[in-house]
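S.K.: My structure is below; once you've seen it, I'll send some questions.
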Amino acid sequence: MSTPSLRLLSVLTASFIVVAITIAPEANGTSMLGKTCTKVGAQTGDGPGRTVVCKKTGKKTIWQIMIMGGSLPKPGSTENTNLPTPTISPTSTISPTPTCTSLPVFTDDFIDPKYVRGVAAIGGQTGSGGVIAVRSYIFPSNEFEGQKLPIYAPVTMTLTQASLYKLTSASATYQPEYSLYFDVGCGISVKFFHIKGVVGNVAKVAPKVPVPSSAGQPVTPTKIAAGEQIGWYELGENSVAFDFWVDNQAHTNSFIVPSHFATSNYLHSVCPYDFYIPNKKAIWLAKLGGEDGNPVAGTDCGVVNQGLAGTVDGMWFVSPDTKTDQLTWDGFYQSQIMLHTDPSGTIRIGGLNATQPIHQMFINTGDTTWSKTTDITVGASHCWSDAKQSVKVLLTTATTMSVVVGLGTCNALPDISTGKTYYR
């Protein structure tokens with residue numbers, strides 16, 4: 001695996017409208033959910049892609065998962081209706097809300113494309129594993145390391161929330177970063193994560209004191225013009241990419257078992273590049289590729305879903321009633337796992353960890369155990385190995401899968417019957 005891919009594990013775990021970019025708070029993956037807290041309203045990261053908030057429930061105050069809604073359409077809004085409706089990718093079904101005659105159109109690059117090596121499709125796996133990426137990762141070229149690369153508003157929009165955060169899992173030298181939440185109108189919201197600095201009107205209202213969560217904090221609503229600089233990003237030793245995320249409240253993503261995702265932040269994420277005027281959209285689509293930041297010709301922008309039905313591909317849960325991102329652990333087995341083939345052909349397996357710290361597996365094309373996740377169908381089994389551990393699966397039915405994980409090679413694994421059953 002390339003060095004940039006290794007570095008992804010430390011930074012590419014931000015996800016969902018409420019975001020935490022931490023690895024599990026304890027080595028064994030124990031969650032804070034349901035445990036007693038003291039200060040109502042306090043927030044902290046609690047595992048890959050999750051923030052918890054201290055809430056009063058009856059006579060108790062306990063940590064609960066934080067769910068925050070995206071921006072809603074403004075009744076009668078006609079913002080940006082003087083621009084042409086974007087041409088939507090074949091894999092996308094986004095459309096305007098009933099209160100808007102057309103979708104907003106992005107007219108300005110959010111970063112100069114000359115700085116960008118590649119961008120990742122949505123719907124892949126975050127760096128910590130077991131969590132769907134609902135936004136596109138933006139990978140600046142290594143030649144620009146150490147430079148402050150300007151970030152701009154792609155369309156006129158209003159900053160509504162922001163956070164300056166430094167997670168407790170970050171190294172002493174890792175500098176705080178910004179998450180920025182914008183309302184575009186017509187049910188469209190734009191979010192950026194891992195922004196290293198803010199400028200101008202954004203800097204006037206953004207928080208000044210770091211907190212341990214990238215969950216958005218309300219700020220004075222501040223209108224930002226299309227093309228106005230909002231901040232900058234700096235590529236460095238522990239920073240290989242930043243996040244560009246767009247939600248459309250008029251669109252709801254489809255899942256094999258929707259109940260797993262009913263309270264999640266996966267529901268409305270769409271391809272951010274579909275909103276661009278045609279000449280700019282073509283530039284960004286040409287940069288699409290895998291989660292290692294390298295473009296792969298022919299890659300589409302992706303969709304957020306549970307995977308391919310009838311195969312092992314995608315996300316699985318430890319019980320039929322498990323809700324996504326409420327992560328718990330049973331030894332080596334996380335409550336949700338994900339098996340995914342990215343556009344470069346790399347197999348990525350997350351949520352199964354015989355090693356510590358948390359370890360997402362990478363199996364590259366040409367490796368002896370490589371096989372596409374979509375090729376393992378009902379009745380079939382397969383074992384993947386990387387340098388640290390092995391995972392064997394048996395797809396018993398379209399909705400149940402037996403899994404075993406352990407150190408060493410496939411031959412060293414215990415019998416599949418000793419493993420864990422996961423459910424769609």
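The values are calculated or read from the model by the stated rules, or taken from the named source; none is laboratory data. Keep in mind the model is a prediction, meaning the values are calculated, not measured. Every residue, glycine as well, gets a Cβ built from its backbone with ideal geometry; the counts of neighbours run over all protein chains shown.
S.K.: I need a count of the residues in the range 252-264 that are in contact with an Asp or Glu (Cβ under 8 Å, 6 or more places away or on another chain) and either part of a loop (DSSP other than H, G, I, E, B) or farther than 19 Å from MET338 by Cα (or both).
M.R.: Going through the range 252-264 one residue at a time, the tally reaches 1.
S.K.: Still on this model: Need pairs with beta-carbon distance below 7 Å; first residue without any contact (Cβ under 8 Å) to a residue 40 or more places away in the chain and within the range 262-282, second surrounded by 15 or more Cβ atoms within 10 Å (Cβ to Cβ) and part of a loop (DSSP other than H, G, I, E, B); sequence gap 6+ or separate chains.
M.R.: Listed pairs, sorted by first residue: LEU267/ASN253.
S.K.: Continuing with this model, one more query. Within the range 180-205, work out how many residues are closer than 16 Å to GLU234 by Cβ and either in contact with a Ser or Thr (Cβ under 9 Å, 6 or more places away or on another chain) or among the charged types (D, E, K, R) (or both).
M.R.: Residues that pass the stated criteria total 6.
S.K.: When you check SER254 against the structure, is it of a type in the set (S, T, N, Q) and either touching a strand residue (DSSP E or B) at 6+ places or on another chain (Cβ under 7 Å) or not assigned by TED's automatic domain parsing to the domain that holds ARG135 (or both), yes or no?
M.R.: no
S.K.: Taking the residues in the range 403-424 that are at pLDDT 95 or above and buried (at least 18 other Cβ atoms within 10 Å of the Cβ) as candidates, determine which candidate is farthest from GLY130 (Cα to Cα).
M.R.: LEU413
S.K.: Return only the number of the condition from (1) surrounded by 22 or more Cβ atoms within 10 Å (Cβ to Cβ); (2) in contact (Cβ under 8 Å) with a residue 60 or more places away in the chain; (3) in a strand (DSSP E or B) that ALA162 does not satisfy.
M.R.: Of (1) surrounded by 22 or more Cβ atoms within 10 Å (Cβ to Cβ); (2) in contact (Cβ under 8 Å) with a residue 60 or more places away in the chain; (3) in a strand (DSSP E or B), only one is false for ALA162: (2).
S.K.: Name the residues in the range 105-131 that are more than 19 Å from ILE230 (Cα to Cα), modelled with pLDDT of 95 or more and hydrophobic (A, V, I, L, M, F, W, C), would you?
M.R.: VAL119, ALA120, ALA121, ILE122
S.K.: Of all residues in the range 216-252, how many are over 18 Å from LEU149 (Cα atoms), in contact with a helix residue (DSSP H, G or I) (Cβ under 8 Å, 6 or more places away or on another chain) and small (Gly, Ala, Ser)?
M.R.: 0
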